[in-house]
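Enquirer: Please see the structure below; I have some questions.
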Amino acid sequence: MKSSTTFLWTACVTPFSEDGSRVDYKSLQHLLTMQEKAKNGVLLLGSTGESLSLTDSEKRKIVEFVCNLKLNTKIMVGVPGVNLAQALEWLDFCQDMPIDSYLMTTPIYTKPGVIGQTLWFEKLLEKTHVPAMLYNIPSRAGVNLHSKTVHNLSGHEKFWAIKDSSGTTQMLIEYKKAASNVEVFCGDDDMIPYMAINGAAGLVSVAANIWPCEVHTYVKKCLNGENPPTHNWLKACKALFTASNPIPTKALLHNMKLIEYKTVRLPLSVKDLSHHLEMPVLDLDYHT
């Protein structure tokens, strides 16, 4: 089951007020309008959106706010990956919302095996009303989304895609062997030139928060086999991860006056940027 032909999903930041006590909806709307103009899909409540630092009430308000904007773009919503009852309750809330897909994270911290992962995702997929992208993020979850799990779930009509943030191309290759009907998206900006060569369907991007149109063009060229230059692309991507995501991205968005404040919520801190972050120039060495 395909969610759409969208090949670039922007993992959107969640802007906050100066003291971090409130969501800055004016800045959020501005960022989303930029994504709409670039024709990118938007992912709400991912790790870039600091979903673990948001209350349940805030998450509900964000989804309602974005849906009420009626943007001409696809909307993906993150599903909590910690507690099954809370995840199912969240899916109950989302049932009536006009969203296009879910991002379901491999359960974090508990490190389940193949059977545990399979049963976890089966419970979630039974509740979904739109296609789901499963998220392989071993640096946060502690284990990979097992390829056997992917094979076990491959026949489910709501299992549409995988976001792979393993940092290698090996898992993409394994997933495509395990479930040829499931699309695999790159989950690390710097890996898209290499994952595209190996059959990635697109990118879930942090960099597109800052450069929505440029990233859209670059990813399209990668997917079309045009092999665009990587030097400046990789340099720009590196700048976004000089501290924990989304600290550098929010700092740059603030410097560009695209969001009011660069505030992140604890345990993240902008003071972990050990030096002044210079604005990278995303000159991709070609004319669009």
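Enquirer: Which order do the peptides 53-61, 200-208 come out in when sorted by mean C-beta neighbours inside 10 angstrom, highest first?
Expert: 200-208, 53-61
Enquirer: Further question on the same structure: Could you calculate the contour length gain from residue 227 to residue 57, that is, 0.36 nm times the residue separation minus the distance between their Cα atoms, to one decimal place in nm?
Expert: Additional length available on full extension: 56.8 nm.
Enquirer: Next question. Which length gain, in nm to one decimal place, applies between residue 71 and residue 173 when the Cα-Cα distance is subtracted from 0.36 nm times their residue separation?
Expert: Residue separation times 0.36 nm, minus the Cα-Cα distance, leaves 33.3 nm.
Enquirer: Given the C-alpha centroids of region 86-127 and region 34-74, what is the distance between them in whole angstrom?
Expert: 18
Enquirer: Per 5 Å bin, what percent of the C-alpha pairs of region 88-205 does each bin hold, from zero upward?
Expert: Here the calculated profile for region 88-205 is 2, 12, 23, 24, 20, 12, 5, 1.
Enquirer: Mind checking the per residue accessible area of region 79-153 for me, 1.4 Å probe, whole number of Å²?
Expert: Heavy-atom accessible area per residue stands at 43 Å².
Enquirer: To the nearest 0.05, how large is the calculated FRET efficiency for residue 126 and residue 30 if R₀ is 45 Å and r is the Cβ-Cβ distance?
Expert: Numbers: r = 37 Å, r/R0 = 0.83.
So, using R0 = 45 Å, E works out to roughly 0.75.
Enquirer: Quick one: of the DSSP bridges fully inside region 1-160, what percent are antiparallel, nearest 5?
Expert: Approximately 5 percent, going by the DSSP bridge assignments.
Enquirer: For region 1-81, take every pair of Cα atoms, bin their distances at 10 Å starting from 0, and report each bin as a whole percent.
Expert: Bin by bin from 0 Å, the calculated values are 17, 55, 25, 3, 0.
Enquirer: Counting only protein heavy atoms and a 1.4 Å probe, tell me what percentage of the chain's accessible area is made up of carbon and sulfur.
Expert: Roughly 51 percent, rounded to a whole number.
Enquirer: Ignoring ligands, DNA and RNA, what accessible area per residue does region 182-248 give at 1.4 Å, in Å²?
Expert: Per residue, region 182-248 has an accessible area of 36 Å².
Enquirer: With both partners inside the chain, how many of the DSSP beta bridges are antiparallel, as a percent to the nearest 5?
Expert: So the antiparallel bridges in the chain amount to around 5 percent.
Enquirer: Right, something else. Pairwise over distinct Cα atoms, reciprocal of the mean inverse distance: report the Kirkwood radius of the chain in Å, one decimal place.
Expert: Numbers: mean 1/r = 0.0525 Å⁻¹.
Roughly 19.0 Å, rounded to one decimal.
Enquirer: Also, quick follow-up: Among 111/163; 158/235; 176/221; 26/158; 74/158; 39/127, which pairs are too far apart, with a Cα-Cα distance over 25 Å?
Expert: 158/235; 26/158; 39/127
Enquirer: Okay, moving on. Sort 246-252, 156-162, 23-29 by packing, meaning the average of other beta carbons within 10 Å per residue, with the highest value first.
Expert: Going from most to least packed, we get 246-252, 156-162, 23-29.
Enquirer: Tell me whether region 147-271 comes out rounded, prolate or oblate; compute the Cα gyration tensor, take square roots of the eigenvalues as a ≥ b ≥ c, and use a/c under 1.5 as the rounded threshold.
Expert: Prolate shape, in that a/c is at least 1.5 and a/b is the bigger ratio.
The values are calculated or read from the model by the stated rules, or taken from the named source; none is laboratory data. None of the values given here were measured: they were computed from a predicted structure. Please note: Cβ atoms are built from the backbone with ideal geometry, for glycine as well, and neighbour counts cover all protein chains shown. Heads up: the accessible areas ignore ligands, DNA and RNA and are worked out on the full protein's heavy atoms, side chains in. Shrake-Rupley method; radii C 1.70, N 1.55, O 1.52, S 1.80 Å.
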